[in-house]
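I have placed the structure first, in the form of structure tokens, so that the comments after it can refer back to it.
The values are calculated or read from the model by the stated rules, or taken from the named source; none is laboratory data. What you see is a predicted model, and the numbers here were worked out from it, not measured in a lab. For neighbour counting, all protein chains shown are included, and Cβ atoms are generated from backbone atoms with ideal geometry for every residue, glycine included. Surface accessibility is based on the protein's heavy atoms, side chains included, excluding ligands, DNA and RNA. Shrake-Rupley method; radii C 1.70, N 1.55, O 1.52, S 1.80 Å.
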Amino acid sequence: MPDKTAALNIWDLFDIPTIEEGGVEAYLKTILLRCAGWFESNAASVFVAEADGIIRCQASIGTSISRTATITEGKGIAGSALHHGVAMIVDDPKDNPLLANHIQERRGDIGSAMVIPLISSGRKLGVLNLARNVSDKPFNEQDLAKANTLASNISLAVANWQMIGEIKSAHDQITTVFNLLNVAVLAIENHEIKQRNPEADRLLGRFPYETILMNLPASFAQGVNEAIVKAETGESFKGQKQSENVTWTISSSPLPNGGILLMVEDISSTVSATQELSRVRRLAEIGQMTAAIAHEIRNPLTGIRSAAQMIAHAPEQTDELAKMIDDEAIKLSDLCDQFLEFAKPAEPVFSTGDLNVIAERLAAVHAHEFEEAEVQLTVEGAQHTLVNMDKNQVEQVMRNLLINALQATSKGGTVNIRIFENGFEVSDTGVGMSEEILSQLFMPFFTTKAKGTGLGLSNCRKIIEAHGGKIEVTSIPTRGSRFWVQFADHLRVAA
Ligand code: ADP
Ligand code: MG
């Protein structure tokens, strides 16, 4: 029998441990002991809805209800009280209109009972049951009022506990993802690492903030430091760094609470796959070119052979035939030059340059040709267009695209160079290209022009790829074309 002196004042009932201290079971057990003492009950139990929605017995005293006992909303005394959200005294269940049709008989050992639903913000959380012996006096309305006050406090505690459980499971899920991520993630606040995932330990080592940079290769340390400094000034950062065979992308952004988030990803395998792909493609291109060269060589060679044969038979034409041989030999020699130029890697020499400046200079140099062709040339500049690049090579690319555009555009048309932060585009209102032309565009020696070399675009692509960038084309026959060049992000020079 619970100790009645345990709760002499109803407020003592609230002097209970918090759920966090001993878990919900210990909390409910203490509540039950205090309630039983205060309300002079010899039996008490509490049922709480669990995550699966089943309302299960969480604690009981003075009665042999098992921990697996459940109640169903709307069924039985407790289920009906919960369903209607009304606390009630049950002396004889058959007399209670709310319980009519549900309860046929009372349990022999239980006299008066109070059933109090636990409800918080409209959520039905469970039921508190208190019972007296058949021989004890029944509960009265005053008892019910007090029990109701108490129930709202218990409901609040249980609702909070459930909410904490939900928050915790959401947090656990996020932590699992955080830990499995193959991107190193560090949350830094006031020069202190507050959070780090296993990938961060693997890539950067498990060092404190002060020494983390010292343990990295110089270029990585520099990149990470740049990312931290940028985020500290409230801006996001994204860059790429390489050291020997390892390539990282490093990014950072300020966090709403004042800290910063640093992310590092090892993209070496992607980079090497891309390099391998570009190497294989170049080999294929050289293969195509060899075939094209064999074809190109045949014509001048045939010319040279027949001129040589003619010299033997018509010595009076020697001068003329010698000139023919020389011309053909020059063609062969040019072909060799072009081949060598194409076959050698681009190997850019990097320095900071302004894309606007290159575009303006080209526009000035070629203004006369555009005037003659009556094609309008416009340049749309942009701010912050400093890029780390080989200026001569980039000028060569822009010039190739500009001249192609001019050659494709007839009188009255327009060619536009537009510069943006890490690249540029050259568009024209010219003839455009069919699917068939587009599919061969970058092949060495592919040309549709009588005097074309077909090497311009393949050279452009070689140069841009050596800058870690890409070149893309869109074109509509008879409407025009647009060549779009973008450099690798890390080549951008901050303004
Ligand atoms: P070339 O200019 O010597 O022909 P390129 O490699 O520069 O060699 O160009 C290959 C082919 O791509 C051109 O012959 C032409 O058919 C097509 N082309 C390139 N640029 C354009 C353009 N702006 N509009 C239409 N066709 C183009
Ligand atoms: Mg060209």
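Would you tally the residues in segment 242-258 being of a type outside the set (A, V, I, L, M) and closer than 19 Å to Asp201 by Cβ?
First, pick out the residues of segment 242-258 that are of a type outside the set (A, V, I, L, M): 242-245, 247-249, 251-254, 256-258.
Adding the requirement that they be closer than 19 Å to Asp201 by Cβ leaves 243, 248-249, 251-252.
Residues that pass the stated criteria total 5.
Considering each of Glu328, Glu341, Glu372, Glu347 in turn, give the residue that is exposed (fewer than 15 other Cβ atoms within 10 Å of the Cβ), more than 16 Å from ligand 1 (Cβ to nearest atom) and in contact (Cβ under 8 Å) with a residue 12 or more places away in the chain.
Going through Glu328, Glu341, Glu372, Glu347 in turn, the sole match is Glu347.
Only one of Glu296, Glu265 is in contact with a strand residue (DSSP E or B) (Cβ under 6 Å, 6 or more places away or on another chain), of a type in the set (Asp, Glu) and in contact (Cβ under 8 Å) with a residue 40 or more places away in the chain; which?
None of the others qualify; the one that does is Glu265.
For segment 30-53, give me the residue count where each residue is in contact with a Ser or Thr (Cβ under 7 Å, 6 or more places away or on another chain) and open to solvent by 70 Å² or more (accessible area, probe 1.4 Å).
0
For the structure I just gave you, tell me whether Glu316 is within 28 Å of Asn416 (Cα to Cα) and loosely packed, with under 11 Cβ neighbours inside 10 Å. It would help to see each step written out before you state the result.
Details: within 28 Å of Asn416 (Cα to Cα): no; loosely packed, with under 11 Cβ neighbours inside 10 Å: yes.
Considered against the rule, which asks whether it is within 28 Å of Asn416 (Cα to Cα) and loosely packed, with under 11 Cβ neighbours inside 10 Å, Glu316 comes out as no.
Return the only residue of Glu360, Glu374, Glu395 being within 16 Å of ligand 2 (Cβ to nearest atom) and in the same structural domain as Trp484 (by TED's automatic domain parsing).
On the way: Glu360 fails: within 16 Å of ligand 2 (Cβ to nearest atom); Glu374 fails: within 16 Å of ligand 2 (Cβ to nearest atom).
Residue meeting the stated conditions: Glu395.
Would you be able to say whether some residue in segment 420-431 is closer than 28 Å to Cys336 by Cα, touching a Leu at 6+ places or on another chain (Cβ under 7 Å) and more than 8 Å from ligand 1 (Cβ to nearest atom)? Show your work before the answer.
Taking segment 420-431 and keeping what is closer than 28 Å to Cys336 by Cα, we get none.
Within segment 420-431 (the criterion being closer than 28 Å to Cys336 by Cα, touching a Leu at 6+ places or on another chain (Cβ under 7 Å) and more than 8 Å from ligand 1 (Cβ to nearest atom)), the answer is no, since none of the residues qualifies.
Just give me the residues in segment 272-305 being within 23 Å of Arg461 (Cα to Cα), open to solvent by less than 70 Å² (accessible area, probe 1.4 Å) and out of contact with any Pro (no Cβ under 7 Å at 6 or more places or on another chain), in sequence order.
Ser272, Ala273, Ser278, Arg282, Ala284, Ile286, Gly287, Ala291, Ile293 - these are the residues of segment 272-305 that are within 23 Å of Arg461 (Cα to Cα), open to solvent by less than 70 Å² (accessible area, probe 1.4 Å) and out of contact with any Pro (no Cβ under 7 Å at 6 or more places or on another chain).
Filter segment 111-164 down to the residues that are open to solvent by less than 10 Å² (accessible area, probe 1.4 Å), outside any strand (DSSP E or B) and among the aliphatic types (A, V, I, L, M) and list them by number.
If the condition is that a residue be open to solvent by less than 10 Å² (accessible area, probe 1.4 Å), outside any strand (DSSP E or B) and among the aliphatic types (A, V, I, L, M), then Ala147, Leu150, Ala151, Ile154, Val158 are the ones that fit.
Name every residue in segment 442-456 that is assigned to a loop (DSSP other than H, G, I, E, B) and within 11 Å of ligand 2 (Cβ to nearest atom), in order of residue number. First the steps, then the outcome.
The first filter runs over segment 442-456 and keeps only residues assigned to a loop (DSSP other than H, G, I, E, B), leaving 442-455.
Matches in segment 442-456: Phe446, Thr447, Thr448, Lys449, Lys451, Gly452, Thr453, Gly454, Leu455.
Would you confirm, using the coordinates I've provided, whether Gly353 is open to solvent by less than 60 Å² (accessible area, probe 1.4 Å) and assigned to a loop (DSSP other than H, G, I, E, B)?
Details: open to solvent by less than 60 Å² (accessible area, probe 1.4 Å): yes; assigned to a loop (DSSP other than H, G, I, E, B): no.
No.
Test Ala359 against the criterion of being surrounded by fewer than 18 Cβ atoms within 10 Å (Cβ to Cβ), in a helix (DSSP H, G or I) and touching a residue at least 40 places away in the same chain (Cβ under 8 Å), and give yes or no.
Values: surrounded by fewer than 18 Cβ atoms within 10 Å (Cβ to Cβ): no; in a helix (DSSP H, G or I): yes; touching a residue at least 40 places away in the same chain (Cβ under 8 Å): yes.
Here the answer is no, as Ala359 does not meet what is asked.
Output the residues belonging to segment 385-412 that are closer than 18 Å to Glu369 by Cα and either more than 11 Å from ligand 1 (Cβ to nearest atom) or part of a strand (DSSP E or B) (or both).
Within segment 385-412, Glu395, Gln396, Met398, Ser410, Lys411, Gly412 qualify.
Open to solvent by 30 Å² or more (accessible area, probe 1.4 Å), at pLDDT 95 or above and more than 12 Å from ligand 1 (Cβ to nearest atom) - does that describe any residue in segment 456-470? Give the derivation first.
Taking segment 456-470 and keeping what is open to solvent by 30 Å² or more (accessible area, probe 1.4 Å), we get 461, 465-466, 468, 470.
Subset that is at pLDDT 95 or above: none.
Taking every residue of segment 456-470 in turn, none turns out to be open to solvent by 30 Å² or more (accessible area, probe 1.4 Å), at pLDDT 95 or above and more than 12 Å from ligand 1 (Cβ to nearest atom).
Give Ser236, Ser269, Ser243, Ser253 a once-over and let me know the one that is surrounded by 13 or more Cβ atoms within 10 Å (Cβ to Cβ), farther than 30 Å from Asp327 by Cβ and modelled with pLDDT under 90.
On the way: Ser236 fails: modelled with pLDDT under 90; Ser269 fails: surrounded by 13 or more Cβ atoms within 10 Å (Cβ to Cβ); Ser253 fails: modelled with pLDDT under 90.
Going through Ser236, Ser269, Ser243, Ser253 in turn, just one is surrounded by 13 or more Cβ atoms within 10 Å (Cβ to Cβ), farther than 30 Å from Asp327 by Cβ and modelled with pLDDT under 90: Ser243.
Residue under question is Ala44, and the condition is that it be outside any strand (DSSP E or B), in contact (Cβ under 8 Å) with a residue 24 or more places away in the chain and farther than 17 Å from Ala157 by Cα; does it hold?
Numbers: outside any strand (DSSP E or B): no; in contact (Cβ under 8 Å) with a residue 24 or more places away in the chain: yes; farther than 17 Å from Ala157 by Cα: yes.
Considered against the rule, which asks whether it is outside any strand (DSSP E or B), in contact (Cβ under 8 Å) with a residue 24 or more places away in the chain and farther than 17 Å from Ala157 by Cα, Ala44 comes out as no.
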